[in-house]
Structure formats: structure tokens, C-alpha cells
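Enquirer: There's a structure below that I have some questions on.
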Amino acid sequence: VAEIRRRFDASPDTLPSLGVVTFNAQQRAYIEGLLRDAGDERLVEALDRTDGEGLFVKNLENVQGDERDVVLFSTGFSVDDRGVLPLNFGPLNRVGGERRLNVAVTRARRQVVVFSSFDPSQLRAEQTSSVGVKHLRAYLDLAALGTDALPRDARPVAVPDRHREEIAAALRDRGLDVRTDVGLSDFRVDLSVARTETTDEPVMAVLLDGPAWARRR
């Protein structure tokens, strides 16, 4: 709720495109209640919009089809009195629960922000047969650790490309920060270009008509 209010305050002239996805209806109702009781008319106006923009708060089961620029994903479960995190994640535990997780984390056009009340290492996914819980653990590991969390065999192997390296070197000589062969899927961006003072904010992606492009169907 604080993050939503921060984003609204930072955008006084336009309503932010925001969604919240929760694991169950209780979390959904609680968060929406806090937003409606915050005394901010813009929040209520955004919640009541029906044009596919503004602000929504939905649980895993009924968020299919919704999209926003930014989605806040609330995992909202905590350890019990013994310090153990229960492995019951509602709809995620059921057969096909992994599909609900997939829907939840693909609602954002630009950014997913994960809110979690436990560390990923506390989620003992190896003790359950639930595919959904196992996928959740992998997703939270990736959110916390970045691509270092991926198993070695899941990382794409860079293919040498002299043409790409020559262009990258020429751009670096001109003072730009360049990464090559960027991406986690079979479709890779040849060059990701950023200014040296803001290397973590790429401004351009370049695809080259090289060997990798020729192999694409």
C-alpha cells in the first residue's frame, strides 16, 4: 500500500498503471480495504475505473486477462510459531497451479515487484510434489539473486560472432557501454547499448543480420 501511494504521489498529473496480484481473496480484500480507507480520492478513482487502466487488486484466480505497466506481486505468507513456513499456498498447490503462477507474473508490461514476508530459502519446495510451489521457489530465487540463480544448464551459451564483437568494440571506443548476446531465451539481443554513466539503464537494443539471424526461422 505504501508503494502504491508513493507511485501515485510521484505521478500527480496522470494515474499510474498499476496492478496488485495476491495469493488469496483475504489478502486481496485487506489490501483493497487499506487503499479505499487511505483518504485519497485518486486511489478510489483508480480502483473504480473500468477501462482497463488505473489500479486493480486481484487474487491469483481472477487476474487472467488483466494487464498493467507495473504489477506488485504479494506472496503474503509467513512462518508459523515454530519458525517454519507452511507449504500451503492455496490455488498454487492444486493440479495446474503452476499455470496460475505463470498468469500472475506475466500481467506486467514493464515491471513486476515482488513483496515477500519470507526469504526464498525458507520455502522448502523439495518437500512438496506441487509443481506450482517449486516454480514459485525458482521465481523468488530469480527475483532475489538475478540470473545467478539459474541452473547452469538453463543459461544460454554465447555463440562467437566476430561481426558482433567488432561492432561492440567500435561502440565502446566511442565511449558507450555495450553488452553482447543479451537474453535468457533462444531469442537474444546482439547488442545492448547504454551510456557509461548509467550502465544499468540501456537506451538501445541492436539486432544484427549475422549468423544467428540467418539461422532463425
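Enquirer: How large is Rg/Rh for segment 57-186, to two decimals, with Cα atoms and a Kirkwood Rh? Could the numbers behind the result be given before it?
Expert: Working: Rg = 18.9 Å, Rh = 17.4 Å.
Ratio value, two decimals: 1.09.
Enquirer: Could you state the angle between the C-alpha long axis of helix 131-145 and the longest principal axis of the C-alpha atoms of the chain, as a value from 0 to 90 degrees rounded to the nearest 10?
Expert: Orientation of helix 131-145: about 60 degrees from the principal axis.
Enquirer: List the residues whose amide H sits under 5 Å from the amide H of Val57, counting only those 5 or more places along or on another chain, with H placed 1.01 Å from N in the peptide plane.
Expert: Val20
Enquirer: Follow-up question, since we're still on this one. To the nearest 10 degrees, how steep is helix 162-173 against the longest Cα principal axis of the chain, on a 0 to 90 scale?
Expert: Tilt of helix 162-173: around 80 degrees.
Enquirer: List, largest first, the extents of the alpha carbons of segment 155-217 along their principal axes, each in whole Å.
Expert: Principal axes ranked by extent give 36, 22, 17 Å for the Cα atoms.
Enquirer: A follow-up question, please. Using modelled backbone amide H atoms (1.01 Å from N, in-plane), which distant-in-sequence or interchain residues come within less than 5 Å of Arg124's amide H?
Expert: none
Enquirer: Apply 1/(1 + (r/R0)^6) to the Cβ-Cβ distance of Asp119 and Phe187, taking R0 = 30 Å, and write down the FRET efficiency to the nearest 0.05. Before the final figure, lay out the partial values.
Expert: Numbers: r = 32 Å, r/R0 = 1.08.
After rounding to 0.05, the efficiency reads 0.40.
Enquirer: Below 8 Å between Cα atoms, with a sequence gap of 6+, how large is the relative contact order for the chain in percent? Write out the running numbers ahead of the final one.
Expert: Working: 306 pairs, mean separation 29.0, N = 217.
It rounds to 13 percent for the chain.
Enquirer: What do you get for Rg/Rh of segment 1-97 when both radii come from the Cα atoms and Rh is the Kirkwood radius? Display every interim value, and only then the final one.
Expert: Values: Rg = 14.9 Å, Rh = 14.6 Å.
Rg divided by Rh gives 1.02.
Enquirer: Of the chymotrypsin sites (Phe, Trp or Tyr not before Pro) in segment 49-148, which ones lie in a loop per DSSP and count no more than 16 other C-beta atoms within 10 Å?
Expert: Passing sites in segment 49-148 are Phe118.
Enquirer: I've got another one for you. Once the dipole of the chain is set up with Lys and Arg at +1 and Asp and Glu at -1 on Cβ about the Cα centre, which of Leu34, Leu145, Thr14 lies farthest towards its positive end?
Expert: Value computed over the given set: Leu145.
Enquirer: Using only Cα atoms and rounding to the nearest 10 degrees, what angle (0 to 90) does helix 25-36 make with the longest principal axis of the chain?
Expert: Helix 25-36 and the main axis of the chain meet at about 90 degrees.
Enquirer: Let me ask something else about it. Return a whole-number percent for the relative contact order of segment 62-130, with Cα pairs under 8 Å and 6 or more residues apart as the contact set.
Expert: Details: 79 pairs, mean separation 34.5, N = 69.
Relative contact order of segment 62-130: 50 percent.
Enquirer: Which label belongs to the value computed from this structure, given these candidates for volume of the Cα convex hull per residue in Å³: [x] 180; [y] 199; [z] 128?
Expert: [x]
Enquirer: Let me test this: with uniform point scatterers at the alpha carbons of segment 60-112, what is the Debye-based log₁₀ I(q)/I(0) at q = 0.17 1/Å?
Expert: Listed by q, the Debye log ratios stand at -0.62.
Read the figures in this text as sums done on the coordinates, not as results from a lab. Source: prediction; values computed, not measured. Heads up, the Cβs are rebuilt from the backbone with ideal geometry, glycines too, and the neighbour counts pull from every protein chain shown.
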